[in-house]
1. Which of 68, 155, 45 comes first, and how do the rest follow, when ranked by fewest Cβ neighbours within 10 Å?
2. Order of 62, 394, 55 from fewest to most other C-beta atoms within 10 Å?
3. Before anything else, pin down the relative contact order of the stretch 185-257: Cα pairs under 8 Å, at least 6 apart, normalised by residue count, whole percent.
4. Compute the distance from the alpha-carbon center of the stretch 25-43 to that of the stretch 171-194, in whole Å.
5. Can you tell me which of 77-88, 237-248 comes out highest on packing, and rank the rest after it, using the mean Cβ neighbours within 10 Å?
6. Counting only Cα, what are the radius of gyration and maximum Cα-Cα distance Dmax of the stretch 75-135, in Å?
7. Modelled label-to-label distance, residue 238 and residue 5, 7 Å Cα→beta-carbon offset: nm?
8. Provide 230, 54, 200 in ascending order of the number of other Cβ atoms located within 10 Å of each residue's Cβ, fewest first.
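Just so it is clear, none of the values below were taken in a lab; they were calculated from the coordinates. None of the values given here were measured: they were computed from a predicted structure. Note: ideal-geometry Cβ built from the backbone for every residue, glycine included; neighbour counts use all protein chains shown.
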Amino acid sequence: MTDLQSIKTRFGIIGNYPALNRALQKAIQVAPTDISVLVMGESGVGKEFIPKIIHGESRRKHQPYIVVNCGAIPEGTIDSELFGHEKGAFTGATSTRKGYFEVADGGTIFLDEVGELPVQTQVRLLRVLESGEFMKVGSSQVQKTNVRIVAATNVNMLNAIHNGRFREDLYYRLNTVQIDMPPLRERKGDVHLLFRKFAIDFAEKYRMPELVLTDDAINYLENYAFPGNIRQLRNLVEQMTVVEQERTVNSVKLAEYIPMQTQLPAVIQKGGGISSTDFNSEREIMYKILFDMRNDLNDLKSLTSELIKNRDNSDFSHHEKNLINRVFTPETQTQNPNSMLYFENQNQYQSPVISKADEDYEDVEDIEIEETKEDSLSLQNNERELIVKALEKHKGRRNKAADELGISQRTLYRKIKQYNLED
Ligand SMILES: Nc1ncnc2c1ncn2[C@@H]1O[C@H](COP(=O)(O)OP(=O)(O)O)[C@@H](O)[C@H]1O
Ligand SMILES: [Mg+2]
């Protein structure tokens, strides 16, 4: 398996933020399988690197890689683009045409902005994902194809499902593995690194001296919300490289390009009304909070049941016992601000405590998936496949395999039992 650093170098990916590293690592890890991957993240965070890594690190790498921007293709032609059409299928269909799913046979298709797919196309997509079967538009002949799908979205899919714009079954099928790309505003330490990279790139491109940031400018950027994420930063650097005479940039100069107040979400408009876009994002935030709360609850439920099962089991490290005690003792929660970290930062590797919590979180997530997702069978198959691969690769050494899979050894033991993988 290729290591993280060489992937970053190969694809020109800048940054060391743990959540970014984790996303890239997960992509490398799942690449050799045929598992569907859903990449989530705001616009401009670098989602497109993920399918490229996955394809490039898979056995499919010498086969076609096709990017489809689902939001950019008109609704009337998208079925024909994806699945092809027969001659005479509709006005203007003067000849038979192959669609992307036929052309990409053996390779990978990246469905960008998958949340934008029309519902009738979602039905066809689900079928091809489940059985490899599809039909050209205007044909009744079933064809077969073998395509690996990576999809990406910047919309809240749960919201879209709730509003009937996205099929729940398709969502779970696409989302076998989810990779989250963090927004730039969380990656404070990476902002300056990225700025320097773009400053060098554009200095070369436009044959200008490089832009340099003063300390207060770095500080300014690190506290800016970057609604357009890395794409916005890149455009900013390009623009300033060309326009600015003075090559040393301070915060006052930056403020001319990106006023700080744009980072505050203005929910109420001047007239006192609520704009519909702000209303949507408010609603999205509410959904996210509810969703996170549900996850927290599931975490707690599973932790509790594990705790009960393992109460006297020395399997729990001293460290884990501490964690459990802190999470379950209300007084310490209020006295010790650290104990709240578990709830707030369970997805972030910010301290040794958190990384342990994160392992448990994985554990818990698995349980929840098994219980609630309709297609748990195929999920389980995929998971089993991943585990078998990891064990093979490490010649049965479970500690190495667990590391590779990003789960705790305890979880791996449980899964090995569950899937009867003991030899
Ligand atoms: N970590 C990174 N290092 C270097 N460039 C990046 C990074 N993340 C994103 N970019 C650049 O930012 C731009 C937007 O990335 P893209 O993958 O198109 O975003 P998204 O698909 O999430 O909207 C691209 O030019 C990409 O090369
Ligand atoms: Mg994109």
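1. On the way: 68 22, 155 18, 45 26.
Taking fewest neighbouring Cβ atoms as first place, the list is 155, 68, 45.
2. Values: 62 9, 394 15, 55 22.
The order, fewest Cβ neighbours first, is 62, 394, 55.
3. Working: 73 pairs, mean separation 30.5, N = 73.
For the stretch 185-257, the relative contact order is 42 percent.
4. 11
5. Working: 77-88: 19.3, 237-248: 13.9.
Per-residue Cβ counts within 10 Å, averaged per peptide and sorted highest first, yield 77-88, 237-248.
6. Cα radius of gyration and Dmax of the stretch 75-135 are 11.7, 31 Å respectively.
7. 3.1
8. Values: 230 23, 54 29, 200 13.
Going from least to most buried by this count: 200, 230, 54.
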